[in-house]
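The values are calculated or read from the model by the stated rules, or taken from the named source; none is laboratory data. Only a predicted model underlies this, so the values are computations on that prediction, with no experimental measurement involved. Glycine also receives a Cβ, built like all others from the backbone with ideal geometry; neighbour counts cover every protein chain displayed.
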Amino acid sequence: MKLRILTGLLMGTMMSVVISGIITFINTGMDAGFPLRWARAWFVAWCIAVPMAIVLSPIARAWAERLTTPK
């Protein structure tokens, strides 16, 4: 259980940082206010991404195992 939670925490954090940064840049561009906009977007994304990564990781792993297991 600890591994599942830590994996979800790390995965959700890494993905939310990258995706929120890219989308914020695409939508608003780079200027002096970018870091604050990115931080706000990241916080919202992180609050969604971490619980979803924890809940959905076992499902994704099961699908990956099914797709890669020879028949």
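If you take the residues in the stretch 26-42 that are more than 18 Å from the chain's Cα centre (by Cα) and of a type outside the set (A, V, I, L, M, F, W, C), which one is nearest to residue 12 (Cα to Cα)? Among residues in the stretch 26-42 that are more than 18 Å from the chain's Cα centre (by Cα) and of a type outside the set (A, V, I, L, M, F, W, C), the one nearest to residue 12 (Cα to Cα) is 35.
Considering the stretch 31-50, and only residues there that are of a type in the set (D, E, K, R) and part of a helix (DSSP H, G or I), the residue that is nearest to residue 61 (Cα to Cα) turns out to be 40. Just one of the listed residues (64, 53) is touching a helix residue (DSSP H, G or I) at 6+ places or on another chain (Cβ under 7 Å) and either modelled with pLDDT under 95 or in a helix (DSSP H, G or I) (or both), and it is 53. Residue 19 falls short on exactly one of the conditions (1) more than 24 Å from residue 1 (Cβ to Cβ); (2) surrounded by fewer than 12 Cβ atoms within 10 Å (Cβ to Cβ); (3) not small (Gly, Ala, Ser), and that condition is (2). Residues that are in a loop (DSSP other than H, G, I, E, B) and at pLDDT 95 or above do occur in the stretch 12-30.
Taking residue 30 as the residue in question, decide whether it is surrounded by 11 or more Cβ atoms within 10 Å (Cβ to Cβ) and aliphatic (A, V, I, L, M). For residue 30, the condition - surrounded by 11 or more Cβ atoms within 10 Å (Cβ to Cβ) and aliphatic (A, V, I, L, M) - is not met.
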